[in-house]
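No value in this document is a laboratory result; all are computed from the given coordinates. This one's a predicted model, so the numbers in the text were calculated from it and none came from an experiment. All Cβ positions, even for glycine, are placed from backbone atoms using ideal geometry, and neighbour counts span all protein chains on display.
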Amino acid sequence: QVQLVESGGGLVQAGGSLRLSCAASGSIFRIDAMGWYRQAPGKQRELVATITRGGRTDYADSVKGRFTISRDNAKNTVYLLMNSLKPEDTAVYYCYAQHVPYGSNSFYDYWGQGTQVTVSS
């Protein structure tokens, strides 16, 4: 089993910054892709950013140029630096990780419990 624990959410004014962290722990063999999704009230969960084990990144158009995803493979941790935050960024942010067990060619998705980000206008 793999557990993901997020931290770094909170309340910030528009134009401000926050940095989210998500650390994976447990019986880890290898973690491939990691990333962040978010879900605002009354809306579907949407992809924010992803990063491969090799460092290739992808972003939602709405956050390009403002958010930066990074990871530390040695610590099994993914980060999301959010700059120039807007009220529409308000949501619960969830991290995820694709874990490949030892001896397996398949990966399994794990999710964090979510962290609230609120941007006031």
*Straight-line reach from K75: which lysines have a Cα under 21 Å away, not including same-chain ones fewer than 8 places off?*
none
*With Rg and the Kirkwood Rh both taken from Cα atoms, where does Rg over Rh land for the range 68-121?*
1.09
*Given the options V48, V100, V78, which has the most mean-square fluctuation in a GNM of the chain, springs set between C-alpha atoms less than 10 angstrom apart?*
V100
_Quick check on the range 9-102: what does the Kirkwood estimate of hydrodynamic radius come out to from the alpha carbon pairs, in Å?_
13.8 Å
*For a paramagnetic label modelled at 7 Å from the Cα of K43 toward its Cβ, which residues of the range 107-121 fall within the zone defined by backbone nitrogen distances under 17 Å?*
115-121
*For the chain, modelled as a GNM with alpha-carbon contacts under 10 angstrom, which of P87, P101, P41 fluctuates the most?*
P41
*Assigning unit charges at the beta carbon (Lys, Arg +1; Asp, Glu -1) and nothing else, what dipole magnitude in debye, to the nearest 20, does the range 16-121 show about its Cα centre?*
160 debye
*If you build a Gaussian network model of the chain, linking Cα atoms that sit under 10 Å apart, which residue out of G16, G42, G55 swings the most?*
G42
_Hits among lysines - C-alpha to C-alpha of K43 under 27 Å, sequence gap 8 or more where chains match_ = K64, K86
